[in-house]
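The next block holds one structure in the form of structure tokens; read it before the comments.
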Amino acid sequence: MGSETDSFYNYISDPELRDYLKKFIENKFQLKQGQEAPDFYLKDSLGNAFTLNNFQGKLVYLFFWGSGCKPCQKELEQLNDLLLKLDESQVQVVTICSDRNEDTWKYILKEYKPDCLNLWAKGNWGKLLGDKYDIQGSPHFCLIDRNGKVIENKCSRLSQGGISLIKKNL
């Protein structure tokens, strides 16, 4: 915790309340290993709807991104080469864009042509998933096991260790 938060706790005289608040704040938004991954109902560019249940039996690597994010674009640029290193019968890579504008999302898809499932978090889905996956910035990645349980939230990018993490969990 930061020093501002620590000094906040100094004003709480009841030690039980202080400990309770510390634990509550530390754990409120943390998606932990072994927890059920938050589900979604999102559509691809053709209008086909998907949920996490569509990928039961596969590892799922979620890549949350936004069109104005330069690191996201760099990752999208490298994505197809990285996907060749994975067995798509065992791993489903899903990109989820939280842009408000569907045309911007489709433009980026057309430019980078990511060869995986690309979903758009339309409407309130961007905020909802941002809260549930504790997304503080883009890009954001989460690895989910074959049964829909979180292996690691805020995990490595495919280009920076994510491939090894996936292979280790196959």
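The values are calculated or read from the model by the stated rules, or taken from the named source; none is laboratory data. Please read these numbers as outputs of a predicted model, since none were measured by experiment. Virtual Cβ from ideal backbone geometry, glycine too; neighbours counted across all protein chains shown. When the accessible area is computed, the model is the full protein with side chains, heavy atoms only, and any ligands, DNA or RNA have been set aside. Shrake-Rupley method; radii C 1.70, N 1.55, O 1.52, S 1.80 Å.
Computed values, structure above
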item: Shape of the stretch 26-107, Cα gyration tensor, a/c cut at 1.5; result: rounded
item: Potential lengthening between Thr104 and Leu170 on full extension [0.36 nm per residue; Cα-Cα distance subtracted]; result: 20.3 nm
item: The stretch 78-170: C-alpha gyration tensor shape, a/c 1.5 cut-off, then a/b vs b/c; result: oblate
item: Whole-number accessible area per residue in Å² for the stretch 29-69, which is evaluated in the context of all protein chains at 1.4 Å; result: 49 Å²
item: Carbon plus sulfur fraction of accessible area for the stretch 31-110, probe 1.4 Å, in percent; result: 46 percent
item: Answer label, with semi-axes √(5λ) of the Cα gyration tensor in Å calculated from the coordinates and candidates (i) 25, 20, 15; (ii) 32, 19, 15; (iii) 52, 17, 11; result: (ii)
item: Relative contact order [Cα under 8 Å, 6+ residues apart], the chain, whole percent; result: 31 percent
item: R0 of 25 Å, Cβ-Cβ distance Lys132-Asn54: FRET efficiency to nearest 0.05; result: 0.90
item: Accessible area (Å², per residue) of the stretch 98-170, counting only protein heavy atoms and a probe of 1.4 Å; result: 55 Å²
item: Gained length - Gln30 relative to Glu111, 0.36 nm times residue gap less alpha-carbon distance; result: 25.8 nm
